[in-house]
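Remarks on the structure that follows.
The values are calculated or read from the model by the stated rules, or taken from the named source; none is laboratory data. Remember, predicted model here, so these are calculated numbers, not experimental data. For neighbour counting, all protein chains shown are included, and Cβ atoms are generated from backbone atoms with ideal geometry for every residue, glycine included.
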Amino acid sequence: MLQDKICLVAGASSGMGRATALAAAEAGAHVVVAARRADACEEVVEQIQAAGGHGQAIACDATQPEEVEALIGQIKSDHGRLDCAFNNLGNIFGNSPLHETPIERWNETIALNLTAVFLLIRAQLPLMIASGGGSIVNNSSTAGLRGTPEMGDYSAAKAGLIGLTKTVCAEYADRNIRCNIIAPGIIMTEAAEAIKDKLPDLFEKLRQEIPSKRFGEMDDVAHLVLWLMSDQSRHLNGVTLPIDGGRTA
């Protein structure tokens, strides 16, 4: 599906990013594994190589413009092109009613969940244009599709990311660049499993609210992202795809 593609997965050290990096390598891509922690990136690359795939680790704090530029510069120097990218950044830094949300937390949430992805896309576009096109996949959330009580900062950032994705489509589709975005519901990442162990009753309540009566798995996300990055979805651009078992239906 991605044979010989140069594929960047940002936020690849764990969770959905790690699962996607492993799946992309299995699909034949050379995967650039990027995240803040160099050791965690190296561990993912070791797994890729142990399975017979190709990958390299590049440490990058995507909230820092100079580190993002260095990341893309290294990809250009090593490979001369960038075919596809999964910008998998995000975190929730707290919960509170909007009128009690500290400005410091608001700024931190926007910086990681929205601005860092903007920095990545801004750096990726020139290399993709020079490469003759490419496919970008961003990671939003169902919180970006609807108002989410006590998560106003996160919801606003993820909704903004959907708008940014559509703008990339509108501006760059004629240069053979596609930009789509997924909106996961609850996906059983390592972090979600830890929370579930502490709050089993809450997770059972949430599971019952899902029409499919199941939480998503990391491989569910990885398979969708691979399809979006591949030529199999070549006529899909500017689209937001919920992956939530029908909860937002």
(1) under 30 Å from residue 98 (Cα atoms); (2) outside any loop (DSSP other than H, G, I, E, B); (3) touching a residue at least 40 places away in the same chain (Cβ under 8 Å): which one isn't true of residue 248, the others all being true? (2)
Inter-residue pairs, beta-carbon under 9 Å, first closer than 18 Å to residue 4 by Cα and of a type in the set (Ser, Thr, Tyr) and in the stretch 207-234, second modelled with pLDDT of 95 or more and part of a helix (DSSP H, G or I), 6+ apart: 233/227
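Conditions (1) on the phi < 0 side of the Ramachandran plot; (2) in contact with a Leu (Cβ under 8 Å, 6 or more places away or on another chain); (3) surrounded by 23 or more Cβ atoms within 10 Å (Cβ to Cβ), marked per residue:
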| site | (1), (2), (3) |
| --- | --- |
| 36 | yes, no, no |
| 46 | yes, no, no |
| 51 | yes, yes, no |
| 55 | yes, no, yes |
| 60 | yes, yes, yes |
| 66 | yes, no, no |
| 76 | yes, yes, no |
| 79 | yes, no, no |
Could you tell me whether the stretch 93-102 includes any residue that is over 12 Å from the mean Cα position of the chain (by Cα), within 22 Å of residue 177 (Cα to Cα) and modelled with pLDDT of 95 or more? no
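Residue-wise test of (1) basic (Lys, Arg); (2) in contact (Cβ under 8 Å) with a residue 24 or more places away in the chain; (3) out of contact with any Gly (no Cβ under 7 Å at 6 or more places or on another chain); (4) within 23 Å of residue 127 (Cβ to Cβ).
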{"residue": "26", "(1), (2), (3), (4)": "no, yes, no, no"}
{"residue": "35", "(1), (2), (3), (4)": "no, yes, no, yes"}
{"residue": "39", "(1), (2), (3), (4)": "no, no, yes, no"}
{"residue": "69", "(1), (2), (3), (4)": "no, yes, yes, yes"}
{"residue": "81", "(1), (2), (3), (4)": "yes, yes, yes, yes"}
{"residue": "105", "(1), (2), (3), (4)": "yes, yes, no, no"}
Where residue 131 falls short, out of the listed (1) of a type outside the set (Lys, Arg); (2) at pLDDT 95 or above; (3) out of contact with any helix residue (DSSP H, G or I) (no Cβ under 9 Å at 6 or more places or on another chain): (2)
Residues of the stretch 173-185 being in contact with a helix residue (DSSP H, G or I) (Cβ under 8 Å, 6 or more places away or on another chain) and either of a type in the set (Gly, Ala, Ser) or under 16 Å from residue 233 (Cβ atoms) (or both), which ones? 177, 178, 179, 180, 181, 182, 183, 185
Does the stretch 11-27 contain at least one residue that is in a strand (DSSP E or B) and surrounded by 20 or more Cβ atoms within 10 Å (Cβ to Cβ)? no
Among helices (runs of 4 or more DSSP H) entirely within the stretch 62-180, at least 2 residues that are among the acidic types (Asp, Glu) occur in 65-79, 103-110, 152-172
